[in-house]
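Right, one structure below, let's go through it.
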Amino acid sequence: MNRILRVNTRTGELRYVKTTEKEMQEGGRSFIVHNLLREVDPACDPIGGDNHFIIANGLLGDTSLTTAGRLSIGAKSPLTGGVKESNVGGSAGKALGKLGLKAVILEDIPEKVSCRVLVVRKDGAELVETPELQGVESKKTIDALQGRYGTEAAVLCIGPAGEYRLSAAVVATTDHTGVQVRVAGRGGLGAVMGSKGIKAVVLDSKGATAPKPADPEAFSDVKKQIAKIIRDDPKTENRHDYGTPAVLGTCNALGILPTRSFRTGSFEQADAISGDTVAELIVKRGGEGKRGLPCVRGCIIACSNIFPHPDGKAHIASLQYENIALLGSNLGIGDIDEVAELNDLCNEVGIDAIDGGAAIGVAMDMGLLPFGDAEGAKELVRQVGQGTAMGRVIGSGAAVTGKVFGSTRIPTVKGQAMPAYDPRSLKGIGVTYAMSAMGADHTAGNALETAKYLDPQGTEGQVQISHKLQVRGAILDSFGVCLFLRPAFVKDPELAAQLLNARYGWDWTYRDVRAMSDECLRAEHEFNRAAGIDETRCDIPEFMRKEALPPMNTTFDIPRDEMQKIWETEVEEGVF
């Protein structure tokens, strides 16, 4: 990964530049923020010419380590107004690594609205005019491009929402089979890609091979150690069989499952949309339904799925907890097939199921539709794809929708909708929502796992635990690996440094890995401050401090001045 492809979307100039020594030590999320700080005016218009759209590989993204190949996409966010990195599985990360690319950076904006595809091959890159793809939905775009460039070509694309530059627009991709639609969902990065006039990026790695580690024997040894730890971890089998929907029952029991636009934390029909139900229906219906699928080639955890229709035909791939919660319980919908169809529609039009689900929930809360109206919710998502006035409101996310309807109950932080963990009864994640540069994003530091040893409704230790989780998240996002790899690093944090040393020939210790993460987090907050985000005023929404959440009847009551001290708290070196 010693090159960066820079594309000027105004002039059409494409140039490869050699990666600097500093850039070589940045990967994924850390590369994104440092590139933005070096080259982008933090005060720029997110969908204007001064912003960058960055596709960045993790430091281990081109390796055979299990779960490696998750890709980071980033820019100044049109949703939060600050730095944003969104992580996604699929085949694009491995393809980028085979092509020897650290990153692809889209610069400037075209003079006229355009619909082009960037095609990257072993021997070069080109911009191709594709007017026939304008307004086409995500999966149809991927199918058309793989039909043209081969089924092994990795595709990143936007749907109509991205072309409309709606601030909850996503970037979609697939796994190596071309079946699972994965999305880089948070932050509205699809709108930034759309502003560049790029409908899709095709990474055709045919004939290319991934670089060998600097020390293949050492890398193989560490990789095997990690694989054994993951296989021996008792959670791996559960994740393989049930995937992320498995936590829905846990969240319902804890009283943190968003229900009817965050009115309550438990749902009376939770069993009907639970991980058990999803897994049982996949087995019962058979046909094209599958569970235990990897989102990146070679992952031994394999927690993804294909959820089938009653007739066995593929319904959606992959159905995840966040999507089920925001499009199910949050909307008062207790039919898993309706939830799956809503999820599929969000993927097709190209909007974030989290922000889109939260937006529809706010609209329902304000009386536009009754809770439980699945057909009405689906029609709103279709309108996003059609570009109607109401569709553009919903496609702009929960914050805009709430303002349009005059709501005082908008579940957002820094303009981004909360994922499926209500912070009133899981207070550690509330600290993350408020204090992360990413806004309300569970991937920045999910406190769910801490509920086993730290009272989730208490205030003690929550600021410190959020700090720890945020450091860990920045490491994993910069490596280009999955959160579920953490058991290996819990057992021995030095394995993280050993992987980098074997891959690059460095002489790092875990202390160096930790310093990289600390610098990434510091840079993100520096960018946000320069962008005009006053982080001393960032907080959980007022209604969550005043309105008790049934069934635990808790409010979010960690003082703001205590949260402001988060970066002054001590966090042990082994943060995993």
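The values are calculated or read from the model by the stated rules, or taken from the named source; none is laboratory data. Predicted, not measured: the structure shown is a model, and the values here were computed from it. When we count neighbours, we look across all protein chains shown, and the Cβ atoms used for this are built from the backbone with ideal geometry, even at glycine. Just the protein is used for accessible areas: all its heavy atoms, side chains included, with ligands, DNA and RNA removed. Shrake-Rupley method; radii C 1.70, N 1.55, O 1.52, S 1.80 Å.
Things to note:
- Eligible aspartates and glutamates near residue 102 by straight Cα distance, threshold 13 Å, same-chain separation 8 or greater: 21, 23, 26, 62
- Residues with amide H under 5 Å from that of residue 171, placed H, sequence gap 5 or more: 184, 190
- Within the accessible area of the stretch 425-576 (1.4 Å probe), percent carbon and sulfur: 48 percent
- Working from Cα pairs under 8 Å separated by at least six residues, relative contact order for the chain is 16 percent.
- Contact order normalised by residue count of the stretch 410-559, Cα under 8 Å, 6+ apart, percent: 28 percent
- For the stretch 263-381, size of Cβ-based charge dipole, Lys and Arg +1, Asp and Glu -1, in debye: 520 debye
- A simple rule links phi to the HN-Hα coupling: the Karplus curve 6.51 cos²θ - 1.76 cosθ + 1.60 with θ = phi - 60°, which for the stretch 566-574 gives 4, 7, 8, 6, 7, 10, 4, 5, x Hz, with x for Gly and Pro.
- Mean-position separation - Cα centroids, the stretch 496-545 and the stretch 154-203, in angstrom: 25 Å
- Non-local lysine pairs in the stretch 180-333, meaning eight or more places apart or on different chains, with alpha-carbon distances under 26 Å, amount to 11.
- Probing with 1.4 Å while keeping every protein chain in the model, the per residue accessible area of the chain equals 34 Å².
- Set against the labelled values (1) 31, 28, 25; (2) 45, 27, 22; (3) 52, 25, 23, semi-axes √(5λ) of the Cα gyration tensor in Å computed from this structure falls on (1).
- For residue 378, a cut-off of 15 angstrom between C-alpha atoms picks up these aspartates and glutamates, skipping any fewer than 8 places away in its own chain: 335, 337, 338, 341, 344, 348, 352, 355.
- Only Cα pairs under 8 Å and 6+ residues apart enter the sum, and on that basis the relative contact order of the stretch 1-142 stands at 27 percent.
- Protein accessible area in the stretch 190-304, 1.4 Å probe - carbon and sulfur %: 50 percent
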